[in-house]
Structure formats: C-alpha cells, structure tokens
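The values are calculated or read from the model by the stated rules, or taken from the named source; none is laboratory data. This is a predicted model, so every value here is computed, not measured. Here the Cβ positions follow ideal geometry from the backbone for every residue, glycine too, while neighbour counts run over all protein chains shown.
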Amino acid sequence: MQVEACGLFLDYSKNRINAHTLSLLFTLAREAKLSERTTAMFEGERINTTEQRAVLHTALRRPSGEVLMVDGRNVIDDITEVRERCARFAEAVRSGEWRGHDGRAITDVVNIGIGGSDLGPAMVCEALKSFAHPRLRLHFVSNVDGIELEALLRELDAGTSLFIIASKTFTTQETLTNAQRARRWLLKHSADETAIARHFVAVSTNAGAVARFGIDPANMFGFWDWVGGRYSLWSAIGLSIVLQIGATRFDALLAGAHAMDTHFRSAAFEHNLPVIMALIGIWNVDFLDASSQLIAPYHQHLHRLPAFLQQLDMESNGKSVRLDGSALTCHSSPAIWGELGINGQHAYFQMLHQGTQCVPIDFIGVMEGCASLAHPRRIAFANMVAQAEALMCGKTAAEVEAEMRATGMDEARIQALIPHRVFAGNRPSNMLLLERLDPFTLGALIALYEHRTFVQGVVWGVNSFDQWGVELGKQLAARVLDDLLSPADLHAHDASTTALIARYRRAAAQ
Ligand code: F6P
C-alpha cells in the first residue's frame with residue numbers, strides 16, 4: 001500500500017483498511033461523482049453555490065499561454081499579468097532598486113493579514129527559509145491585540161521596512177486595525193505622507209477600499225473572487241513568498257502544485273494520492289469514529305504546516321449541511337491539530353499510544369539529509385518511523401511481562417504493572433515522505449492536501465468553499481465592541497455576556 005507522485009511518497013499500509021475496504025471507498029467516491037465534480041472545479045463552473053462563485057485556485061498555477069474562459073475572459077491572461085507585476089516588484093525590492101523614503105534599500109517585509117491572507121504565505125516562507133534572500137527578513141503579523149505588532153515595530157527601521165497589507169476583502173477588522181497602526185508609525189518616522197507609497201503595498205480584490213486606505217493603486221496587486229482565502233497563497237497573496245524566494249522559485253512552487261493538479265485529474269483512483277488520502281480520512285472519521293486528525297511534521301521548517309492545514313480543512317469542511325441544505329447524517333471535518341512530531345513525542349503522544357480515542361496521524365518527513373549517517377536528521381527520521389511502528393504494532397502483555405522479568409523485578413510488581421505498560425496498537429497512520437523540501441515539492445504537498453480536502457467535501461456533499469460559520473462571531477464582536485466603549489447598554493445580550501461586558505467596564509473605569 002504505497003503510492004508515489006510529484007516528489008511525494010505515501011505509505012498508507014498502517015491504516016485499518018484492506019484491499020476490499022479501499023475498493024468500497026473508491027465506489028463511494030464514484031457514487032459521489034468525484035470525477036465529474038473535479039472537472040467542474042477545474043473548468044470554472046460555479047461550484048461554490050452559496051456564494052455563486054467559481055473555484056479556480058488551480059488556474060493560478062496553470063502555465064501562462066493556456067486558455068480558461070470564465071465569464072467571457074481568459075483568466076489565465078489576467079493571472080499572468082498580475083504574476084508578472086508581482087515578479088517585477090519583488091525583483092526591484094530584492095535588487096535594492098526599490099528604495100524607502102530616505103533612499104535606503106528594504107531590509108524588512110511585514111505581511112499584515114489573517115487567516116488565508118497570513119497562514120499560507122507564513123507557512124511557505126518558513127518552509128522555504130533555506131532559499132531566502134540574504135538581505136530581506138520576512139515578518140507576519142495577524143493578531144489584533146497589538147502586542148505582536150508593537151514588539152516588531154520596536155525592532156524595525158521605518159526607512160527600510162515594507163508593509164504588505166494582505167486582505168481579500170480589505171474589510172477585516174484585525175488586518176485594517178494593524179495596518180492603520182503601522183501607517184501611523186511610519187508617518188511618525190518620516191517627513192510626510194509621500195512615504196506611504198514607498199513603504200505600503202496592498203494585495204486585495206477590493207480596489208476601492210485599498211484606495212480609501214491611502215495606498216496608491218499602482219502599489220496594489222489584485223486577485224479575484226474565485227480564489228478562496230484559504231486557497232490564495234498561489235495568487236498575489238503570495239507576494240511575501242515571491243519577495244523571499246524570488247519569482248523563479250515561486251514559479252517552481254506553482255509548477256509543483258500544477259504537477260499535483262495533473263496527477264489528481266489523470267491518475268486512476270487506485271494510484272491517486274489525494275483520493276487515497278481523502279478516502280482513508282473518511283474511513284477514519286465516519287467508520288472508526290476518529291474525531292481528530294494529527295499532522296506531525298518531522299522537519300523544523302514545516303512547523304507551521306499544521307496551522308495552515310487547520311484552516312484549509314476545518315474552514316472548508318467544518319459543515320453540517322449538504323449542498324442542498326439538508327442535514328448531514330455522518331461526521332464531516334475532524335479537528336485538525338499538531339505541531340512538530342518530535343516535540344509531540346514528549347508531550348501528547350502518550351494519549352496517542354494509550355488513550356481511549358483513536359487519533360489518525362499523518363507523519364510527514366523529508367528524505368534529503370536523512371541519508372547521511374552523520375546528520376542529526378537521521379535521528380528525527382528514526383523517531384518518526386519508530387512512532388508509526390509502535391502505534392501500529394503495540395506491545396502485548398506477554399512481551400511486557402518477559403521484559404520486566406528479565407530485569408529481575410519481583411512477581412507482584414510485574415503483575416501490577418502489566419496493564420499500565422501494554423500498548424494496544426492498531427492505531428492508524430500515514431507516512432508521507434518528501435524527496436526534498438524545495439519549492440516544487442512543497443507546492444505539490446500543499447496541492448495534495450487541497451485536493452484531499454476537496455475530495456472529502458465531494459463525498460460528504462458539502463460546499464467546501466464557503467465559510468458562513470465565521471460570520472456570527474464577527475457580527476457580535478462589533479456589537480460587543482460598541483458596548484465596551486459606551487457607558488450605556490446599546491445592545492441586548494445574554495446574562496453571561498452582559499456580566500462580562502460590565503466587568504470590562506469596571507476595569508476600564510479604574
Ligand atoms: O474570517 C474568516 C476569513 O474570511 C477567512 O476565510 C479569510 O482567509 C480570512 O478571514 C481573512 O480574510 P481577508 O483576506 O478578506 O482579510
């Protein structure tokens with residue numbers, strides 16, 4: 001049970017499946033019309049029905065010169081035009097030709113954004129650190145509480161800093177609050193407003209709001225409503241990535257994703273990486289009752305991957321109604337969580353081995369470097385493989401007993417300890433190995449997970465491309481903010497919320 005494509009190798013033999021289970025799951029995918037839905041997505045049909053939008057992040061990685069007509073326009077031409085503008089701008093910053101208001105080259109780039117306008121670029125910049133431009137330091141700010149931004153601004157030099165305000169809608173409270181704060185800081189450290197044009201650029205679909213914020217339209221890089229936030233790192237939202245690794249390597253990232261797109265569209269289900277991973281995920285969630293899925297990368301530079309996948313999967317498939325509005329009768333997206341596997345081993349892996357719940361794991365390793373006997377990565381690799389083996393094979397009471405007896409332990413203590421030291425095993429995991437951590441392979445890895453999410457959404461019959469579930473909290477936050485600021489009660493709240501607002505007001509009055 002192994003499959004390989006685009007520099008990625010998957011061993012899925014440690015799952016609780018056999019060939020029959022898989023063939024039934026493939027039938028399930030066929031019954032859900034997976035191939036037809038895949039074609040509909042790639043061809044630009046409005047499959048995001050609740051927002052009446054096409055879903056075309058895959059078009060962003062198609063080679064220029066191709067044709068894909070959406071609403072009478074060849075979107076590949078539009079994509080190429082923005083991609084080339086991003087490349088020219090990034091080259092000017094990287095070469096030092098683009099200068100700050102006092103004539104110095106840029107040294108620090110700050111991406112202000114949140115959700116899809118932060119997690120993807122931040123994860124990729126971290127993953128591809130080895131390819132970073134030697135002069136440019138990349139920073140990502142998302143939290144609105146000011147702590148992150150204030151600490152960063154204390155370190156920065158206004159004359160050599162560039163801010164990218166990344167927001168699809170350009171209405172997101174957290175991003176606009178941080179952007180305003182950064183703008184005030186820049187103006188405090190520069191002679192006049194003309195400095196804004198040298199130090200602020202925007203990435204958005206909302207040209208009007210960008211202009212109202214005071215960013216020169218010449219410094220805006222656009223994209224389109226058919227790019228979902230969590231699928232947007234391939235668009236101009238990836239500007240920070242282009243700045244860090246350069247346009248040629250960004251093209252390699254796109255090429256890796258495109259190679260995975262081609263594999264996904266053309267390989268038979270039996271050899272199809274995203275299809276196999278998606279169906280095993282469905283098996284774990286809906287048949288083995290797994291309510292979460294752990295992502296455990298074993299390469300330091302992949303430490304932001306779990307956070308990125310959390311949004312990708314949970315914002316896409318965290319739904320309980322089908323496309324037609326009827327209620328789902330099975331579970332959809334599990335909770336996605338994780339961090340570096342090697343750290344997890346000394347923290348929560350106890351629960352994975354001996355807890356009461358089944359938590360499927362994606363172990364993710366990088367082969368390059370491991371092959372050298374002298375390299376410490378060999379130790380990380382050994383740990384990753386050993387964890388998967390331990391989780392699957394476990395340890396029987398007889399083995400535990402023999403082990404303790406060999407140490408000369410007295411009989412009563414052996415019998416008391418046996419149940420505590422037994423490992424039930426049979427805990428499922430995937431082993432995903434990247435040949436190397438370079439732009440091409442990373443692009444393929446991200447696209448693999450995007451399509452895994454898509455396939456699961458198709459089988460569950462949900463709309464993976466809207467996110468109405470984030471709206472209510474945003475609306476209520478605006479009302480609560482009003483009430484925190486006003487001495488009178490402007491809005492009705494439940495008793496608990498009213499008491500919390502009152503507590504805040506008392507603290508603010510002291
Ligand atoms: O609140 C959720 C969300 O809309 C995500 O879907 C999106 O990635 C994020 O907020 C940021 O949105 P924007 O890019 O419009 O600022």
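Filter region 388-400 down to the residues that are assigned to a helix (DSSP H, G or I) and either surrounded by fewer than 18 Cβ atoms within 10 Å (Cβ to Cβ) or touching a residue at least 60 places away in the same chain (Cβ under 8 Å) (or both) and list them by number.
388, 389, 390, 391, 392, 393, 397, 398, 399
Residues being among the β-branched types (Val, Ile, Thr), outside any strand (DSSP E or B) and closer than 14 Å to residue 223 by Cβ: count how many of those fall in region 64-78.
Summing the residues that are among the β-branched types (Val, Ile, Thr), outside any strand (DSSP E or B) and closer than 14 Å to residue 223 by Cβ in region 64-78 gives 2.
Do any helices (runs of 4 or more DSSP H) entirely within region 271-355 hold 2 or more residues that are in contact with a Ser or Thr (Cβ under 8 Å, 6 or more places away or on another chain), hydrophobic (A, V, I, L, M, F, W, C) and closer than 30 Å to residue 131 by Cβ, and if so, which?
305-317
Does residue 170 meet the test of being modelled with pLDDT of 95 or more, out of contact with any Gly (no Cβ under 7 Å at 6 or more places or on another chain), closer than 30 Å to residue 460 by Cβ and within 14 Å of the ligand (Cβ to nearest atom)?
no
For region 203-213, indicate whether the set of residues that are within 14 Å of the ligand (Cβ to nearest atom), of a type outside the set (Lys, Arg) and touching a Cys at 6+ places or on another chain (Cβ under 9 Å) is non-empty.
Scanning region 203-213, I find at least one residue that is within 14 Å of the ligand (Cβ to nearest atom), of a type outside the set (Lys, Arg) and touching a Cys at 6+ places or on another chain (Cβ under 9 Å), so the answer is yes.
Name every residue in region 285-308 that is in contact with a Cys (Cβ under 7 Å, 6 or more places away or on another chain) and not charged (D, E, K, R), in order of residue number.
288, 290
Are any residues in region 136-163 assigned to a loop (DSSP other than H, G, I, E, B) and more than 20 Å from residue 102 (Cβ to Cβ), and if so, which ones?
142, 143, 144, 145, 146
Which one is farthest from the ligand (Cβ to nearest atom), of the residues in region 108-135 that are in a helix (DSSP H, G or I) and more than 14 Å from residue 308 (Cβ to Cβ)?
Looking at residues that are in a helix (DSSP H, G or I) and more than 14 Å from residue 308 (Cβ to Cβ), I get 130.
Residues checked against (1) part of a helix (DSSP H, G or I); (2) within 16 Å of the ligand (Cβ to nearest atom); (3) touching a residue at least 60 places away in the same chain (Cβ under 8 Å):
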| position | (1), (2), (3) |
| --- | --- |
| 416 | yes, no, no |
| 430 | no, no, yes |
| 437 | no, no, yes |
| 447 | yes, no, yes |
| 452 | yes, no, yes |
| 456 | yes, no, yes |
| 459 | yes, no, yes |
| 466 | no, yes, yes |
| 474 | yes, yes, yes |
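Looking at region 56-90 only, could you name the residues that are buried (at least 16 other Cβ atoms within 10 Å of the Cβ) and either over 27 Å from residue 454 (Cβ atoms) or touching a Cys at 6+ places or on another chain (Cβ under 6 Å) (or both)?
85, 87, 89, 90
Out of 243, 253, I need the residue that is out of contact with any strand residue (DSSP E or B) (no Cβ under 9 Å at 6 or more places or on another chain), part of a helix (DSSP H, G or I), closer than 30 Å to residue 8 by Cβ and more than 16 Å from the ligand (Cβ to nearest atom). Which one?
253
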